[in-house]
1. Suppose a student asked you for the relative contact order of region 405-538, using Cα pairs under 8 Å spaced at least 6 residues apart; what percent would you report?
2. As a test of the definition: which semi-axes, in Å, follow for the chain when you take the square root of five times each eigenvalue of its alpha carbon gyration tensor? Largest first, please.
3. Can you tell me the length gained on complete extension of the stretch residue 188 to residue 287, counting 0.36 nm per residue apart and subtracting the Cα distance?
4. What distance in nm separates the two pseudo spin-label positions at residue 234 and residue 487, each 7 Å out from Cα along the beta-carbon direction?
5. Can you give me the Cα centroid spacing of region 1-60 and region 328-376 in angstrom?
6. Roughly what % of Cα-Cα distances in region 234-387 sit above 19 Å, to the whole percent?
7. So how much slack lies between residue 124 and residue 144, counting 0.36 nm per residue of separation and subtracting their Cα-Cα distance, in nm?
8. Quick one: length gained pulling residue 391 to residue 526 fully straight, 0.36 nm per residue minus the C-alpha distance?
Ligand code: ATP
Ligand code: MG
């Protein structure tokens, strides 16, 4: 009975406890386990308890492979496990405190495993990883070499080419099928695309660079070798995956190769929250999971929602029920009371921003920290107006998703320096790094890279052209730093710091706002020092970059209270007491970009469901009457008169409380009279000067 159980098990409900204990008692079969359940039912928390329980049973931390949707999610899970273990068993606390070494995203873990096994699979362990932009650049280079000019021949753009390539890899489908089903307007280029992709693969191999997709592809190829699969299977007694509904076929095939009979394999997820099919994820993975094994996987469902008050859950359930896909979950909440979600009609996006800020401040007045509140949106650009308003009002915030730390030019500079030092064959990185030198342009950089096969960087640079003594000295300093950093992976982070320091001394020449950017570089150096090796630093930064840069105007101090702004995609798995969702209009959600197929529309509905189920106590959906479309299909920017999202048709309105703002009746916001106002002119005058 629950009374006899250790505390950490007695706090769970029966279904959760069954999922934690499945296959862990002596004689119990440790066959494959699927936990499929709706939002807020404790899937992630159950997984954390299962990991803690395994550790307490004596399973070594490095015998666990824990795969999550983001690095942050893995870190949160680890902390949770540590808390559970520390509370339950002081003796084991130190073991748990060391963390779970093999935890992270598929891509992050893949990168580390590939380095470990590089020697056995013909890979240089110093391989570098390209982010999407680098990949597109390399693909573009190959395209030019093959004479496939976009302008002359209307050949697909580099970004489209990369998307096609990525779709082929991640969905494990042949090119012609991907073209037919997803990129029909490119189908006429099948032959050229095939040649292009072959050239791209060859270029990557020659340069020993891997792109995001390669991390999964090489991993899956690696474990198709029985020898390696067997070793990994023995090494990882337990493989546990959160958010399984958003994995793709390649990821499923990796799991199957490591755990062919499913023993020791646990996956959890929610089919109603599958929101990554645009990246090749398929909800079939989770739906078909049980039958992939013989005997089939054990399936546990959880029905009690611990997160949200009933009115919020009712509204979210109603929205997802409209899909007619019969997500067979009847979520209920034992929490009581609470307000219906607000459906707030505002004039335009400026009013939307003003309203949200008012609400946030009012809630902070009543004691709810900024950190307990989040503003979610479909697309990163939707929050821009709000960001301006927050900055104006001095409200600190952090934005997740969309804001690309790596796209900041100075961050790219530093990464290409470090990457090039690690792998001199990486042309995209080298091309950028060399041009940081005064007096070298694209042509020169290309020639130097061509000469590199025959000579080390210093000599290749000097072969370039006669230069003055001063320039020569500067080039040699650069070359020796690159060579030193390349040679001494072990001297990390010192060698990396030296290179970053050199870069800082060049920034004045490179950027007008060097001062602001230099702060980021120093932050990078600090961050670098927390990683055990250059490879780990570079991989993890490339795969899962931090979200804030000096570009973010409201950048808070670390210990400060701040508001969270996030795309819905990046809010996956998280929860806040109060949540506002922007632009809940047709064209917002569903996005103007995805009004094509029914499948796309269904995914947008699931996105709204994910957004709504992030809220614990308060939820408001904003409906601006005038909405700014930015779609490429539009001629320039344009406003449209939008309507409430089609996912909340009239028959669902009783589940919401409708408001309009500014309120029509003057009772709500009474205009202040001049005599009531207290305007501090002196303070204003001082403020003009900072
Ligand atoms: P999502 O689908 O959004 O990822 P989830 O199913 O992973 O949600 P969790 O995030 O694990 O749900 O849990 C939601 C909330 O419910 C958390 O605050 C968690 O601490 C709480 N919770 C889960 N199980 C219990 C329980 N047995 N008793 C009390 N609180 C619980
Ligand atoms: Mg979760």
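Please treat every number below as a calculation from the coordinates, not as lab data. Quick caveat: nothing in here was measured; it's all calculated off a predicted structure. Heads up, the Cβs are rebuilt from the backbone with ideal geometry, glycines too, and the neighbour counts pull from every protein chain shown.
1. Values: 118 pairs, mean separation 32.2, N = 134.
With pairs under 8 Å counted, the relative contact order is 24 percent.
2. Output for the chain: semi-axes of 41, 35, 27 Å.
3. Details: separation 99, 0.36 × 99 = 35.64 nm, distance 3.48 nm.
Value of the extension gain: 32.2 nm.
4. 4.0 nm
5. So the separation of the two Cα centres works out to 33 Å.
6. Working: 8106 of 11781 pairs.
Cα-Cα pairs in region 234-387 separated by more than 19 Å: 69 percent.
7. 4.5 nm
8. Values: separation 135, 0.36 × 135 = 48.60 nm, distance 2.65 nm.
My answer for the length gained is 46.0 nm.
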